[in-house]
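The values are calculated or read from the model by the stated rules, or taken from the named source; none is laboratory data. Keep in mind that this is a model prediction, so the values were computed, not measured. Please note: Cβ atoms are built from the backbone with ideal geometry, for glycine as well, and neighbour counts cover all protein chains shown.
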Amino acid sequence: MKITALLFFSVLSQVLIAQDLPAYKIYNARGKEVSFKTMSSKAGEVDLVLFGEFHDNPIAHWLQLELVQDMYDQHGQNLQLGFEMFEQDQQEILSAYVNGQLAIKEDRLKDTLRLWPNYQTDYAPLVDFAKAKQLSCVASNIQRKYASLLFKKGRAALDTLPENIKNQMAPLNFAFDTTLSQYQAMKQMGAHMGPGAGWRMVEAQAIKDATMAHFILHNPWRNAQTVHLHFNGAYHSDYYQGIMWYIKQEAPQMSTLTISTVSQENMKRLDKEHLGKADFIICVPANMTSTH
């Protein structure tokens, strides 16, 4: 009877395990499964972490908040957050809000800043944590309309902008490496839009990457002890390109770590196409519910 009972519970436990629906798995660059604790520990050892997200993925956003909390426990006030989701002209208001100097309620923030539609669910927890702990937040991105202007009329169109606007983007002589695989892929995506459109699309992407890198490195709150955790779409940092390429051009000595997000039908192992995409790759189910 005891043997039968033990056999029953053994079979039941296996069935329950088989029915588990893992919300995510984390792999290293070589495809070995690792724990969140491992990723968090490694992130705490470097000067800069680029967290590449899927903008609408709830798992990535949850892990971002968990990572912020862990890194704060390690670095305290030396931790700085950076956001692709905020543009440089929003910096003053964002800083005033985080520092408690802006007499505005959270639900009215959307009327003051151009918030992304998923701000409340996905980014407000990060900003609120920074506000509670008095951490500096960097609005690292170029204004969308100026990246669009570059795409439509070329880099020369930016030369006519006022100096205060130019100061909100990377220096206009920013380098542009056309051999990077991410840019090559984007060129192919834009090729159908007409002659030269592919490269103009890439250069519009490049000025975003260059601008985010510029303000990660050059912001008023950065000092020798600063540890920067930056949130951006995965495409901006996958394969150590995009933002990371610009960081390494200017600050090759900086210790860095990248995180990417991917989705797969089968999460038992990391697909070959994702190997080497980042130091750590968060793999989520392809049918995961989106936040917007």
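What to note about this one:
- Residues of the stretch 267-286 that are free of Cβ contacts under 8 Å to residues at least 12 places away in the same chain and either buried (at least 20 other Cβ atoms within 10 Å of the Cβ) or at positive phi (or both): none at all.
- Restricting the stretch 132-145 to residues that are assigned to a helix (DSSP H, G or I) and without any contact (Cβ under 8 Å) to a residue 60 or more places away in the chain, the residue that is farthest from Leu48 (Cα to Cα): Lys145
- Qualifying residues in the stretch 236-260 (those that are in contact with a helix residue (DSSP H, G or I) (Cβ under 9 Å, 6 or more places away or on another chain), within 23 Å of Gly44 (Cβ to Cβ) and of a type in the set (S, T, N, Q)) - the one surrounded by the most Cβ atoms within 10 Å (Cβ to Cβ): Ser237
- Of the numbered criteria (1) at pLDDT 95 or above; (2) touching a strand residue (DSSP E or B) at 6+ places or on another chain (Cβ under 9 Å); (3) not in a strand (DSSP E or B), the one Asn287 fails is (1).
- Meets criteria (part of a helix (DSSP H, G or I), within 14 Å of Ala206 (Cα to Cα) and touching a Phe, Trp or Tyr at 6+ places or on another chain (Cβ under 8 Å)) for Lys187: yes
- Residue match in the stretch 243-266 (condition: basic (Lys, Arg), under 16 Å from Met169 (Cβ atoms) and in a helix (DSSP H, G or I)): no
- Residue match in the stretch 105-119 (condition: at pLDDT 90 or above, of a type in the set (Ser, Thr, Tyr) and either surrounded by 14 or more Cβ atoms within 10 Å (Cβ to Cβ) or in contact with a Cys (Cβ under 7 Å, 6 or more places away or on another chain) (or both)): yes
- Cβ-Cβ distances below 9 Å connect the following pairs, each with a first residue in the stretch 66-95 that is more than 14 Å from Leu115 (Cβ to Cβ), a second residue that is basic (Lys, Arg) and outside any helix (DSSP H, G or I), and a separation of six or more residues or different chains: Gln80/Arg222.
- Considering the stretch 142-176, and only residues there that are surrounded by 13 or more Cβ atoms within 10 Å (Cβ to Cβ) and under 17 Å from Met244 (Cβ atoms), the residue that is modelled with the lowest pLDDT turns out to be Phe176.
- Only a single criterion out of (1) more than 21 Å from Asn141 (Cα to Cα); (2) touching a Ser or Thr at 6+ places or on another chain (Cβ under 9 Å); (3) of a type outside the set (D, E, K, R); (4) at pLDDT 95 or above is not satisfied by His230, namely (1).
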